[in-house]
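A.B. asks: After the structure tokens below, expect a handful of questions from me.
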Amino acid sequence: MTRIRKLTCFDYPKIKKMISYLGSAEGEFFSKALLNEPFGLISSVLPLKYKFLNESYILLDGKEILGLITIEPALGNHYKINITRLVFQNNLYDAGKQLIDFVTSKYSAKGATSFIVSVDECHDELLKLFTDGCGFRQCASETLWKIDNFPQNTDIPCGFRPFNNGDAKSVCKLYNSEIETIYKASLERIKQEFEDPIFGGYSQFYKNRYVLEEPVKKTIIGYISITTSDNNNFIIDFVTNDGYEIAYDDILKYAISEISRRRTVFYPFVKQKNYTRTTEKLGEYLRGKNYTPIQNQIVLVKHFYRPVKTTENAIQVFLFGENSKIVTN
């Protein structure tokens, strides 16, 4: 008989054996996660809005681990849940479905309103698992480009500076304004998602953020985040105001100069969000530089809408397509 429970440090040897074919990087990830287990015990009993660590669950058949899933509430918006890892034994897609259904049911009951996962477009069976099996829908896509022959030791462009929490409102407005209308409902962010969280130091990822200001009015017209999980591969993600002519060369020069302050050997990548107003222009730039697209991920979402509280003994009456509410005594 199968059952699902939280991952503990005692499960690590079995998990390591289960994912050994993936190489050492995956094992290192779990090692780091298990080091936080004492904090995880605290986080696991907190209400959803106070959780500060990711949480993993395993599916067991007796003592055998059939699969694992990891979720992480979005920083600043704990009602938005990211599914960051799904592992199951070869072709045991039903194990994956059980784990997905478990976390969506568990966390929606705690108040979560949306679940998001990014799946490589080449994984057809996994896409079907989320869409046909678990009720997710394809929302958008993101492309990762490898940056070769990038400029180093060049003049640093002006106008950029480190992000601070006082910029969160302006950056949020910029970010949301550049999302294409059809994607806004699913992909818009709130101001708190751009603020530095209290427990940000426990995140699995290291992130630095910067803004680009218009020189006269000091309006924020660009936002850059640089993320790494291994201090070796760095993902440069940025959004710019479509109303300004902003040189992508300058953005990359600045971002790479900031990375090179920390590392002498590194590999930069650019994330192209294919749901923003500037995605076609960015794509033309990257192709023109002969950079290489190495991965395209499909963004899948599942929403749980909170029911609106109604007056006691309310009756819904539909008259010729009009919706009226009558309250009885």
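A.B. asks: Check LEU129 against each of (1) outside the structural domain of ILE81 (by TED's automatic domain parsing); (2) buried (at least 18 other Cβ atoms within 10 Å of the Cβ); (3) out of contact with any Gly (no Cβ under 9 Å at 6 or more places or on another chain) and name the one condition it does not meet.
C.D. replies: Evaluating LEU129 over (1) outside the structural domain of ILE81 (by TED's automatic domain parsing); (2) buried (at least 18 other Cβ atoms within 10 Å of the Cβ); (3) out of contact with any Gly (no Cβ under 9 Å at 6 or more places or on another chain) leaves (3) as the failure.
A.B. asks: With the condition kept exactly as written, say whether any residue in the stretch 180-189 is within 30 Å of ARG5 (Cα to Cα), in the same structural domain as ILE256 (by TED's automatic domain parsing) and modelled with pLDDT under 95. Full working, then the answer.
C.D. replies: In the first step, residues of the stretch 180-189 are kept if they are within 30 Å of ARG5 (Cα to Cα); the result is 186.
Cutting the leftovers down to in the same structural domain as ILE256 (by TED's automatic domain parsing) gives us 186.
Now drop any that are not modelled with pLDDT under 95, which leaves 186.
Looking through the stretch 180-189, at least one residue is within 30 Å of ARG5 (Cα to Cα), in the same structural domain as ILE256 (by TED's automatic domain parsing) and modelled with pLDDT under 95.
A.B. asks: Here is a list of conditions, (1) in contact (Cβ under 8 Å) with a residue 60 or more places away in the chain; (2) more than 18 Å from ASP237 (Cα to Cα); (3) over 16 Å from the mean Cα position of the chain (by Cα), and ASN149 meets all of them except one; can you say which number that is?
C.D. replies: If we test ASN149 against (1) in contact (Cβ under 8 Å) with a residue 60 or more places away in the chain; (2) more than 18 Å from ASP237 (Cα to Cα); (3) over 16 Å from the mean Cα position of the chain (by Cα), just (1) comes out false.
A.B. asks: Enumerate the pairs (first residue in the stretch 213-234 and on the phi > 0 side of the Ramachandran plot; second residue anywhere and part of a strand (DSSP E or B)) with beta-carbon separation below 8 Å, excluding pairs fewer than 6 apart on the same chain, so at least 6 apart or on different chains.
C.D. replies: ASN231/TYR206
A.B. asks: For the stretch 137-176, enumerate the residues that are hydroxyl-bearing (Ser, Thr, Tyr) and either within 19 Å of ASP242 (Cβ to Cβ) or not assigned by TED's automatic domain parsing to the domain that holds THR264 (or both).
C.D. replies: Here is the first cut: in the stretch 137-176, the ones hydroxyl-bearing (Ser, Thr, Tyr) are 141, 143, 154, 170, 175.
SER141, THR143, SER170, TYR175 - these are the residues of the stretch 137-176 that are hydroxyl-bearing (Ser, Thr, Tyr) and either within 19 Å of ASP242 (Cβ to Cβ) or not assigned by TED's automatic domain parsing to the domain that holds THR264 (or both).
A.B. asks: For the stretch 290-303, name all the residues that are outside any strand (DSSP E or B) and either surrounded by fewer than 17 Cβ atoms within 10 Å (Cβ to Cβ) or touching a His at 6+ places or on another chain (Cβ under 8 Å) (or both).
C.D. replies: From the stretch 290-303, those outside any strand (DSSP E or B) are 290-291; that's our starting set.
Answer for the stretch 290-303, where residues must be outside any strand (DSSP E or B) and either surrounded by fewer than 17 Cβ atoms within 10 Å (Cβ to Cβ) or touching a His at 6+ places or on another chain (Cβ under 8 Å) (or both): just ASN290.
A.B. asks: Same structure, new question: Here are the criteria: (1) free of Cβ contacts under 8 Å to residues at least 24 places away in the same chain; (2) surrounded by 20 or more Cβ atoms within 10 Å (Cβ to Cβ). Tell me which single one VAL87 does not satisfy.
C.D. replies: (1)
A.B. asks: Of the residues THR131, THR143, THR84, which single one is in contact with an Asp or Glu (Cβ under 6 Å, 6 or more places away or on another chain) and among the polar types (S, T, N, Q)? Can you show your working first?
C.D. replies: On the way: THR131 fails: in contact with an Asp or Glu (Cβ under 6 Å, 6 or more places away or on another chain); THR143 fails: in contact with an Asp or Glu (Cβ under 6 Å, 6 or more places away or on another chain).
Being in contact with an Asp or Glu (Cβ under 6 Å, 6 or more places away or on another chain) and among the polar types (S, T, N, Q) holds for just one of THR131, THR143, THR84, which is THR84.
A.B. asks: Taking the condition closer than 26 Å to GLU188 by Cβ and either assigned by TED's automatic domain parsing to the domain that holds PRO13 or touching a Cys at 6+ places or on another chain (Cβ under 6 Å) (or both), does SER56 pass? Can you show your working first?
C.D. replies: Numbers: closer than 26 Å to GLU188 by Cβ: no; either assigned by TED's automatic domain parsing to the domain that holds PRO13 or touching a Cys at 6+ places or on another chain (Cβ under 6 Å) (or both): yes.
Considered against the rule, which asks whether it is closer than 26 Å to GLU188 by Cβ and either assigned by TED's automatic domain parsing to the domain that holds PRO13 or touching a Cys at 6+ places or on another chain (Cβ under 6 Å) (or both), SER56 comes out as no.
The values are calculated or read from the model by the stated rules, or taken from the named source; none is laboratory data. Since we're looking at a predicted model, the values are computed, not measured. Note that each Cβ is placed from the backbone with ideal geometry, even for glycine, and that neighbours are counted across all protein chains shown.
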